[in-house]
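The values are calculated or read from the model by the stated rules, or taken from the named source; none is laboratory data. Because the structure is predicted, anything quoted here is derived from the model rather than measured. Ideal geometry is used to build each Cβ from the backbone, glycine not excepted, and the neighbour counts take in all protein chains shown. Accessible surface areas use protein heavy atoms only, side chains included; no ligands, DNA or RNA. Shrake-Rupley method; radii C 1.70, N 1.55, O 1.52, S 1.80 Å.
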Amino acid sequence: MGKIAGLGKAAAASILISGLVFGTAARAQEISAEHIAAAKQAITALGVTDRFDNILPGLAERLKSELIQSSPNVEDQITATVDAKALELAPRRADLEREAALTYARAFSVEELKAISTFYNSDAGKKLLKDGPIATRELMKAADIWAAGINRDLNASSMAELQKVAGADLQPLPANASNIGGAPGATTAPPAAPAPKP
């Protein structure tokens, strides 16, 4: 379930970005006000645009830093001017919310958006958003450990059985050869000594 939350947020961000890339003008007239309202509710419940709140402040801080570095004698004027101009641009944050709503409205039906809002506004939905990424990380750690053990045991049991059949004709695997494309961190068991030919 945690993995779903992590993937859900990634998919949500991907949908939002793809909508911004391809534009919205052509289809905007086809989407009803009810659909847009449902999309806005889903976006709020998911919090998918929250991460964009820091874009303008971050850009302002970067600009101030660059300007102050090149003209430190007018630091106060730089800070006041950039902060004022950033505040003037702040209302344009609503443009991004409109784009997000249009993107979600194109991707999901009104009923689906309402279902998303209902779930993610519930206690279980809020907990999934909060704790899902943590559960996903823990699951991935457990999967890596499990895969390393499976890899080790598969190598050891296969080599032991093949020694009985192939004997000295069986060439030992190079170190970590079986890890190519396999589980991260998995280790290869050292091959058994070749059996003497009869």
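Need pairs with beta-carbon distance below 7 Å; first residue assigned to a helix (DSSP H, G or I) and within the stretch 33-55, second of a type in the set (D, E, K, R) and open to solvent by 30 Å² or more (accessible area, probe 1.4 Å); sequence gap 6+ or separate chains.
Hits for this filter: 38/114.
For the stretch 78-96, state whether one or more residues are of a type in the set (S, T, N, Q), farther than 19 Å from residue 33 by Cβ, in contact with a helix residue (DSSP H, G or I) (Cβ under 9 Å, 6 or more places away or on another chain) and in contact (Cβ under 8 Å) with a residue 60 or more places away in the chain.
no
Consider residue 183 carefully, then state whether it is in a loop (DSSP other than H, G, I, E, B), open to solvent by less than 40 Å² (accessible area, probe 1.4 Å) and at pLDDT below 85.
When the stated conditions are applied, residue 183 passes them.
Of all residues in the stretch 93-129, which are more than 21 Å from residue 31 (Cβ to Cβ) and open to solvent by 70 Å² or more (accessible area, probe 1.4 Å)?
Those that are more than 21 Å from residue 31 (Cβ to Cβ) and open to solvent by 70 Å² or more (accessible area, probe 1.4 Å): 119, 121, 123, 126, 127.
Return a yes/no flag: does the stretch 150-164 have any residue that is on the phi > 0 side of the Ramachandran plot, modelled with pLDDT under 95 and out of contact with any Pro (no Cβ under 6 Å at 6 or more places or on another chain).
No, the stretch 150-164 contains no residue that is on the phi > 0 side of the Ramachandran plot, modelled with pLDDT under 95 and out of contact with any Pro (no Cβ under 6 Å at 6 or more places or on another chain).
Please identify the pairs in which a residue from the stretch 103-122 that is touching a residue at least 40 places away in the same chain (Cβ under 8 Å) and within 12 Å of residue 37 (Cα to Cα) has its Cβ atom under 7 Å from the Cβ atom of a residue that is hydrophobic (A, V, I, L, M, F, W, C) and assigned to a loop (DSSP other than H, G, I, E, B), counting only partners at least 6 apart or on another chain.
Qualifying pairs under 7 Å: 105/31.
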